[in-house]
1. Does Glu155 fit the bill of being more than 16 Å from ligand 2 (Cβ to nearest atom) and out of contact with any helix residue (DSSP H, G or I) (no Cβ under 9 Å at 6 or more places or on another chain)?
2. Can you spot a residue in the range 38-46 that is more than 25 Å from Val219 (Cβ to Cβ), of a type in the set (A, V, I, L, M, F, W, C) and either more than 16 Å from ligand 2 (Cβ to nearest atom) or open to solvent by 20 Å² or more (accessible area, probe 1.4 Å) (or both)?
3. Arg78: buried (at least 20 other Cβ atoms within 10 Å of the Cβ), basic (Lys, Arg) and free of Cβ contacts under 8 Å to residues at least 40 places away in the same chain, yes or no?
4. Looking at the structure I just gave you, is Arg10 under 27 Å from Ala318 (Cβ atoms) and open to solvent by 70 Å² or more (accessible area, probe 1.4 Å)?
5. Which condition number does Arg225 fail, the rest of (1) under 30 Å from Ser257 (Cβ atoms); (2) buried (at least 22 other Cβ atoms within 10 Å of the Cβ) being met?
6. Do you know which residues across the range 171-201 are open to solvent by 40 Å² or more (accessible area, probe 1.4 Å) and either charged (D, E, K, R) or assigned to a loop (DSSP other than H, G, I, E, B) (or both)?
7. Among the residues of the range 47-69, write down those that are near ligand 2 (Cβ under 10 Å from one of its atoms) and hydrophobic (A, V, I, L, M, F, W, C).
8. So, Arg85, is that one without any contact (Cβ under 8 Å) to a residue 12 or more places away in the chain, within 24 Å of the chain's Cα centre (by Cα), farther than 20 Å from Ile194 by Cα and open to solvent by 60 Å² or more (accessible area, probe 1.4 Å) or not?
Amino acid sequence: MQELILDVQRLRKYFKGPGGFLEGRVSFLKALDGVSFQVFPGETFGFVGESGCGKSTLGKTILGIYRATGGHVIFKGRDITRLPRKQAIRIRSEIQYVYQDPGSSLDPHWKIRKILAEPLHIHTHMKRVAIEERTREMLKAVGLGEEHLGLYPHEFSGGQQRRLGLARILCLNPSLVILDEPTSGLDVSVQATILKLFLDLKSRFNLTYLFISHNLSVVRMMCQRLAVMYAGKIMEMGDTPAVFERPIHPYTQFLLSAIPTIEKKTGSSEEIPLSGEPPNPEDFPPGCRFHPRCPHAMDRCKKEAPEFRLQGKDRWSACHLDLK
Ligand SMILES: Nc1ncnc2c1ncn2[C@@H]1O[C@H](COP(=O)(O)OP(=O)(O)OP(=O)(O)O)[C@@H](O)[C@H]1O
Ligand SMILES: [Mg+2]
């Protein structure tokens, strides 16, 4: 059996809810509520789902920016969920997170030279000359040049800011990179060049990606496997081509039916109607969290939360329907 790079087990992250007290108890906002998946070295694993379902929280909890409420993150065979601070900092150079908003992760008062060098000063004992050399090399790897070193972040376009964000994390020689909405806000042609850059960097630096995105067409193109999240849980997980070809969870069926660009088989081109909003994460409905919006909901779905289980070859799903 191939060794895993990442093994996430029943991961939970609860925030203290802004709603204050519910029924006399402090309410919790369950941003992640028992998420389990495994990632193999070299693959690109996608996460999709509506806004607020917990994708960014997942990335940040894996990295340790958020302290997990429960569950485990095993990275290269080692439990890194609750490491002491010093060890956590060391591990963090191996796992890198590329923020959803690239502009905000680059200090506007610093020139690019300093922005790129800073993580190396923090995480390594490299000398100044070696740091300069490394930053130039990584800038080149992402398609920018030395002439950019003296500029400030606001002098770059959105696409260039993504490149800078990548150069900054690559300096630390990571093995797992969490890309959070890496193409949002970019026009289609820039998106295409950035996606190609991800592929080039992945093979050049032996990277593994967790790829978080709203854009299902991009996920389809980039990811070997994917997980569909809803209200802090994974609803369906499997090989990307198989999930797109035959989604089994009603929520995945809805998400895929809503993509206009994907060619649909004859007879299945209708958009599946889905009413209502995602549930309040401070007060999830009982049973299956998706049941109030599910066109197939049965009595059982209102009472009993479905188990996340294997439903065929490499396909996991959390649904009471007979999905075979
Ligand atoms: N630091 C925080 N403190 C309190 N609540 C938070 C915090 N971060 C996220 N949340 C809440 O957790 C839930 C999940 O948020 P998250 O940002 O992970 O969603 P997302 O799937 O990344 O959404 P989007 O697609 O809009 O980026 C939301 O209800 C959000 O309000
Ligand atoms: Mg997010």
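The values are calculated or read from the model by the stated rules, or taken from the named source; none is laboratory data. None of the values given here were measured: they were computed from a predicted structure. Using ideal geometry, Cβ is built from the backbone for each residue, glycine included, and neighbour counts are taken over all protein chains shown. These area figures cover heavy atoms from the full protein model, side chains too; ligands, DNA and RNA do not enter into them. Shrake-Rupley method; radii C 1.70, N 1.55, O 1.52, S 1.80 Å.
1. Working: more than 16 Å from ligand 2 (Cβ to nearest atom): yes; out of contact with any helix residue (DSSP H, G or I) (no Cβ under 9 Å at 6 or more places or on another chain): no.
Spelling it out, it is not the case that Glu155 is more than 16 Å from ligand 2 (Cβ to nearest atom) and out of contact with any helix residue (DSSP H, G or I) (no Cβ under 9 Å at 6 or more places or on another chain).
2. Looking only at the range 38-46, we keep the residues that are more than 25 Å from Val219 (Cβ to Cβ), and these are none.
No: the range 38-46 contains no residue that is more than 25 Å from Val219 (Cβ to Cβ), of a type in the set (A, V, I, L, M, F, W, C) and either more than 16 Å from ligand 2 (Cβ to nearest atom) or open to solvent by 20 Å² or more (accessible area, probe 1.4 Å) (or both).
3. Numbers: buried (at least 20 other Cβ atoms within 10 Å of the Cβ): no; basic (Lys, Arg): yes; free of Cβ contacts under 8 Å to residues at least 40 places away in the same chain: yes.
The answer is no for Arg78.
4. Numbers: under 27 Å from Ala318 (Cβ atoms): yes; open to solvent by 70 Å² or more (accessible area, probe 1.4 Å): yes.
For Arg10, the condition - under 27 Å from Ala318 (Cβ atoms) and open to solvent by 70 Å² or more (accessible area, probe 1.4 Å) - is met.
5. Result: Arg225 fails condition (2) only.
6. So the first thing to find is which residues in the range 171-201 are open to solvent by 40 Å² or more (accessible area, probe 1.4 Å), and the list is 173, 184-185, 187-190, 192-193, 196, 199-200.
Correct list: Asn173, Ser184, Gly185, Asp187, Lys196, Asp200.
7. Taking the range 47-69 as the starting set, the residues that turn out to be near ligand 2 (Cβ under 10 Å from one of its atoms) are 47, 49, 51-60.
Residues satisfying the conditions are Phe47, Cys53, Leu58.
8. Working: without any contact (Cβ under 8 Å) to a residue 12 or more places away in the chain: yes; within 24 Å of the chain's Cα centre (by Cα): yes; farther than 20 Å from Ile194 by Cα: yes; open to solvent by 60 Å² or more (accessible area, probe 1.4 Å): yes.
When the stated conditions are applied, Arg85 passes them.
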